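These notes are about the structure you will find just below.
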Amino acid sequence: MAATAVSCPKCRAPLPDDPAALAALDRCPACGTRVKICLFPAFTAGPRSGALPEAVLAEGEAACFYHAGNKAVVPCDQCGRFLCALCDLELAGRHVCPVCLESGAKRGQVELLEHSRARPDLVVWNLLLLPLIACGYAFPLTALIALIYTLVKWNTKPSLVDNTRARLAWAIPVALLELAGGVALWLFYLRMVR
Amino acid sequence: MLRRDPNYTRLPGGGRTLTGNASYWLARDHLLLVDVQTACERYRRFDLRDIRCLTLVATRLGWIDRGILGGASLLFLAWLLGALTFGKLSFPLANGDWIGLIALAGAALSSLTGLLLSIRAGRMCRVEIQTGVQTIPLPGLNRWRKAEQFLVTLTSAVQAAQADLRPVTEAVATPAFTADPEPESPADPEPSS
């Protein structure tokens, strides 16, 4: 049976435990809101168990680098150390040891472990467009900041969904145009004041 | 980029969120959520074998949306009709203010278009995903119809990934392997006479 109960996303009242009743549920019994629940086999299956290591039985048998008593089953694809079933971590078809995985995650080399990326293109375009609407007099300064920021962040890791480099490239002429227009506006304003 | 990556397929659904937008990408063994926010994008990966259930719940946010757009449409249309019929009563438009009339007609048309698009998109909803260790809302899946399309596509992938999982009770009833039958105990030696 499921270890974690399903609750109504609106009122947080627990829904029936029985998978058949849950799948057939149309409305939340507590708040009456329309719900639709899709259950998968993992809901009724038990917790997933990992592979258990085997002990080294014969002398001369390859042992795990981290657990001398465990039989090695695979070498690490990164550092080549022998690993037992406990230390073998499979990631996108590659076998790595926990140390390589941790160091790879820290250096951002393992794409599957990345949880965020900076988007300098969004910052640049916000700097270019928002002052035009909100604070007209500041836009030469923000255009200059956007231009410098674009050049500094040019080699940032690109976004997974948008073309960061193209957006940054388009921002350069817009920033130059805004800068030139802003400077001309300020000069005109100063001349008018005098 | 994921669009050019043959390992990923974009799922229907996803769209604007409060601070940006969200999109969903299906890989061979996981679902990737890309949540683009103000200055960064965040990723969440769900192993298809870990997904236990998806819950859709209808919300009433759509009615607020439609109420505001409908009210604005009515207001602008009434104002426009008033301006066309009784020129002097339609403050602040003066007689012969064609630019004002065009702006008013544009505002009425855009709010009406927004209302029709909102009605066409259907009712609003919220979607939650439950895995073995967490239950989290899925951003950007705000419309019931789109969310159902998302569910249909994802369900087939998850069912395929979990094809070998069986309920706990069934797994206990049917052991994974059969042990060798116990050797029969040797027959009692016949008592010697």
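How many Cβ atoms of partner chains, on average, are near each residue of A:112-123 if near means within 10 Å of its Cβ?
Average per residue, whole number: 4.
Quick one: with all protein chains in place, what share of the accessible area of segment A:50-115 is carbon or sulfur, to the nearest percent (1.4 Å probe)? Mind dumping the intermediate values first?
On the way: 2400 of 4310 Å².
Answer for segment A:50-115: carbon and sulfur cover 56 percent of the accessible area.
Pop out the carbon and sulfur fraction of the accessible area of segment A:120-193 as a percent, whole number, probe 1.4 Å. Please report the intermediate quantities before stating the final value.
Details: 3550 of 4610 Å².
Solvent-exposed carbon and sulfur of segment A:120-193 make up 77 percent of the total.
Per residue, how much accessible surface does segment A:54-194 expose to a 1.4 Å probe? Answer in Å², no decimals.
Normalised by residue count, the accessible surface of segment A:54-194 is 64 Å².
Counting only protein heavy atoms and a 1.4 Å probe, tell me what percentage of segment B:1-87's accessible area is made up of carbon and sulfur. Could the numbers behind the result be given before it?
Working: 2800 of 4660 Å².
Whole-percent figure for carbon plus sulfur exposure: 60.
Between chains B and A, what is the buried accessible area in Å², counting both sides, with a 1.4 Å probe and ligands, DNA and RNA left out, to the nearest 100?
Separately minus together, B and A give about 3800 Å² buried.
Using DSSP to define loop residues, name the chymotrypsin sites (Phe, Trp or Tyr not before Pro) in segment A:121-194 whose beta-carbon has at most 16 other beta-carbon atoms within 10 Å. Numbers along the way, then the final one.
On the way: sites: A:Trp125, A:Tyr137, A:Tyr149, A:Trp154, A:Trp170, A:Trp186, A:Phe188, A:Tyr189; in loops: A:Trp154.
Here the sparse-neighbourhood loop sites are A:Trp154.
Let a ≥ b ≥ c be the square roots of the eigenvalues of the Cα gyration tensor of chain A; is it rounded (a/c under 1.5), or, if not, prolate (a/b larger than b/c) or oblate?
Judged from the Cα gyration tensor, chain A comes out oblate (a/c at least 1.5, b/c at or above a/b).
Tell me, what is the FRET efficiency for B:Leu81 and A:Cys79 to the nearest 0.05, using R0 = 56 angstrom and their Cβ-Cβ distance as r?
0.15
Enter the mean number of other protein chain beta carbons within 10 Å of the beta carbon of each residue in B:125-135, as an integer.
Partner Cβ neighbours, averaged per residue: 4.
Helix-derived [θ] at 222 nm for the protein assembly as shown: sum -39500 (n - 2.57) over DSSP H runs of at least 4, divide by residue count, nearest 500?
About -13000 deg cm²/dmol.
Find the Rg to Rh ratio for the protein assembly as shown, where Rh is the Kirkwood radius over alpha-carbon pairs and Rg uses the same atoms.
Taking Rg over the Kirkwood Rh, I get 1.15.
Looking only at other chains, what is the average number of their beta-carbon atoms within 10 angstrom of each beta-carbon in B:56-66?
Mean shielding count: 3.
Gaussian network model of chain A, Cα springs within a sub-10 Å range: biggest mean-square fluctuation belongs to which of A:Val73, A:Val96, A:Val123?
Evaluated over chain A, the most mobile residue of the options is A:Val123.
Students often forget the sequence filter, so: which lysines lie under 28 Å Cα-Cα from A:Lys157 once same-chain residues fewer than 8 apart are removed?
Cross-link targets: A:Lys106.
The values are calculated or read from the model by the stated rules, or taken from the named source; none is laboratory data. Bear in mind the structure is a predicted one, so any value in this text is a computation, not a measurement. As a convention, Cβ positions derive from the backbone with ideal geometry for all residues, glycine included, and neighbour counts pool all protein chains shown. The accessibility values were calculated without ligands, DNA or RNA, using every heavy atom of the protein model including side chains. Shrake-Rupley method; radii C 1.70, N 1.55, O 1.52, S 1.80 Å.
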